[in-house]
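For reference, the structure discussed in these notes is given below.
The values are calculated or read from the model by the stated rules, or taken from the named source; none is laboratory data. Every value quoted in this text rests on a predicted model; they were computed, and no experiment measured them. Here the Cβ is made from the backbone with ideal geometry for all residues, glycine too, and neighbour counts use every protein chain on show. Please note that ligands, DNA and RNA were not included when accessible areas were found on the heavy atoms of the full protein model with its side chains. Shrake-Rupley method; radii C 1.70, N 1.55, O 1.52, S 1.80 Å.
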Amino acid sequence: MKKILITGGAGFIGSHVVRLFVKQYPQYHIYNLDALTYAGNLENLKDIENEPNYTFLKGDIVSEELMHQLFQQYSFDAVIHLAAESHVDRSISDPLSFIKTNILGTVNLLNAAKNIWQDNYEGKLFYHISTDEVYGSLGETGLFTETTAYDPRSPYSSSKASSDHLVRAYYHTYKMPVVISNCSNNYGPNQFPEKLIPLAINNIKKMKPIPIYGKGENIRDWLFVIDHASAIDKIFHEGTVGETYNIGGINEWTNIDLIHKMCEVMDKKLNRENGTSASLITFVKDRAGHDMRYAIDSSKLMNELGWQPSLQFEEGIEKTIDWYLENESWMNRITDGSYEKYYEDQYEKR
Ligand code: NAD
Ligand code: DAU
């Protein structure tokens, strides 16, 4: 039985990846290693927590000793590494925790894997999950490809870029079998409400102001999280060692258009008069160093591995809104005292 270590599996994307692998591959044993930071939530995995091919391991990837101990104890065959500090705004107020988890944590995992794999790399794989933000910010035209030069601009994207470089360094220097993917903005169930879409859904529902940074002209390329998980599955099984794959939704929206679309959908779902939710839109001080546009060219992944996103955005956003409306208790438990404090620090002094 293959033993696969998935890091950050209690988070947003990680929980969808863990679920897919546990359900689809009974011949694998999935170990979910997560420190359960504010972003980690085991409730995301309630439906699979008792599956015989699933084990949760609580631990911090920043602990070098623990990483070596876990690799010695379990002899993992492969790693899918998602654990990270992931929110740009938090990286602006606290860069150091991003350096620790995203850079040091990744090196600790690479070293622990190298330590037990280096005599025989046969059948082993270190799959690093990264972001399109490493490529910087686009103007009105063009797309990020796998050969676009790195140009990260926030402490978050710089820490992810650094981790990508280190993963490639272990491939070239130590011949470690690695693969990397860089994905655009994800949306869907179980996303922590610090990110734009769940934050907006929560505020619309509660008739609270919807904060839009700057003029709302920044553009993001949105992908449904289940489609990211299916791309990870493809790349894990069929990707070429040493390669990088970009993953995107072919789905660009300005923030303001996206929020208007969501307001329209939510007015219908909440039986509100058309325009009620949009009246909550509030322009606030822009994010420092706010990247203008991200857009991904996923043709390598589509042409070489045959991956396609399964959902059109209109369907994906409806499903997402339905999920948050139906899972009010999930949101209420998440938005406890510590979220309120974060929200106050981020927005009330803006
Ligand atoms: P998330 O913040 O929802 O989840 C991160 C998870 O990692 C949490 O469960 C947290 O507890 C865990 N974690 C954090 N620090 C840890 C540590 N030191 N040790 C062990 N576990 C730790 O993040 P997400 O949005 O699901 O993103 C997952 C990965 O995908 C990240 O690497 C991120 O850079 C990448 N990514 C995210 C997006 C996106 O749109 N969200 C897009 C592209 C790539
Ligand atoms: O592109 C991939 C990246 O997407 C991932 O690597 C990151 O982990 C993920 O957080 C996401 O980064 P963004 O900064 O693009 O996502 P966020 O949801 O924070 O913001 C989306 C856009 O909305 C961005 O232009 C900033 C804006 N925004 C965000 C928030 C939270 C607002 O206008 N108001 C807000 O309150």
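Side notes on the structure shown:
- Rounded to the nearest whole Hz, the Karplus-based 3J(HN,Hα) values (6.51 cos²θ - 1.76 cosθ + 1.60, θ = phi - 60°) of region 141-147 follow the sequence 10, x, 9, 6, 10, 5, 9, with x at glycine and proline.
- Taking ALA169, ALA112, ALA84 as the candidate residues, the one with maximal mean-square fluctuation in a Gaussian network model of the chain, Cα springs under 10 Å, is ALA169.
- Ordering SER230, SER329, SER91 by accessible surface, largest first, gives SER329, SER230, SER91; the 1.4 Å probe counts only protein heavy atoms, with every chain in place.
- Share of carbon and sulfur in the accessible heavy-atom surface of region 131-261 [1.4 Å probe, %]: 54 percent
- Computed extension gain for LYS349 through GLU243, at 0.36 nm per residue and net of the alpha carbon distance, reaches 33.8 nm.
- Eigen-decomposition of the gyration tensor built on the alpha-carbon atoms of region 135-273 gives equivalent ellipsoid semi-axes of 34, 17, 13 angstrom, largest listed first.
- Acute angle (nearest 10 degrees) that the helix 255-269 long axis makes with the longest principal axis of the chain, alpha-carbon atoms: 70 degrees
- Rg [Å, one decimal], Dmax [Å, integer] - region 97-177, C-alpha atoms: 14.4, 49
- Rolling a 1.4 Å probe over the protein heavy atoms of region 56-118, with every protein chain left in place, gives an accessible area that is 49 percent carbon and sulfur.
- Region 183-259, relative contact order in percent, only Cα pairs under 8 angstrom and at least six apart counted: 43 percent
- Binned Cα-Cα distance frequencies in region 191-350 - 5 Å width, integer %: 2, 8, 15, 18, 17, 16, 11, 7, 4, 1, 0
- Label separation (LYS261 vs GLU315): 1.5 nm, computed from points 7 Å beyond Cα along the C-beta direction.
- Gain in span if fully extended, GLU273 to LYS206, counting 0.36 nm per residue against the direct Cα distance: 22.6 nm
- Cross-link table LYS23/LYS300; LYS3/LYS195; LYS100/LYS261; LYS100/LYS215; LYS206/LYS234; LYS160/LYS269, entries beyond 29 Å C-alpha to C-alpha: LYS3/LYS195; LYS100/LYS261; LYS100/LYS215; LYS206/LYS234; LYS160/LYS269
- Nearest-10 value in Å² for the accessible area of GLU85, using the 1.4 Å probe: 30 Å²
- Listed residues LEU311, ALA231, LEU258: farthest to the positive end of the dipole of region 231-350 (Cβ charges): LEU258
- Taking region 166-202 and a reference point 7 angstrom along Cα→Cβ of ARG333, the backbone N atoms nearer than 18 Å belong to 189-194.
- Solvent accessible area, Å² - SER162, 1.4 Å probe, full protein context: 30 Å²
- Rounded to the nearest 20, the Cβ-based charge dipole of region 292-350 about its Cα centre (Lys and Arg +1, Asp and Glu -1) stands at 320 debye.
- Kirkwood hydrodynamic radius (C-alpha pairs) into Stokes-Einstein, the chain, 10 °C and 1.306 mPa s, D in µm²/s: 77 µm²/s
- Relative contact order (%) - criterion: Cα under 8 Å, at least six apart; region: region 206-334: 39 percent
- Using the Cβ-Cβ distance between ALA169 and GLN73 with R0 set to 22 Å, the FRET efficiency works out to roughly 0.25.
- Charge sum, other residues only, whose C-beta stays under 14 Å from ALA229's C-beta, Lys/Arg counted +1 and Asp/Glu -1: +1
- 5 angstrom amide H check on LYS3, placed H, neighbours 5+ away: HIS29, ASP77, ALA78
- Taken along the Cα-to-beta-carbon direction at a fixed 7 Å, the label points for GLU43 and MET292 span 4.1 nm.
- Only protein heavy atoms count here; under a 1.4 Å probe, VAL62 has an accessible surface of about 40 Å².
- Its DSSP H runs of at least 4 residues, each contributing -39,500 (n - 2.57), put the calculated 222 nm mean residue ellipticity of the chain at -12000 deg cm²/dmol, to the nearest 500.
- Stokes-Einstein translational diffusion, region 1-126 - Kirkwood Rh over all Cα pairs, 1.306 mPa s, 10 °C, in µm²/s: 107 µm²/s
- Working from Cα pairs under 8 Å separated by at least six residues, relative contact order for region 26-181 is 23 percent.
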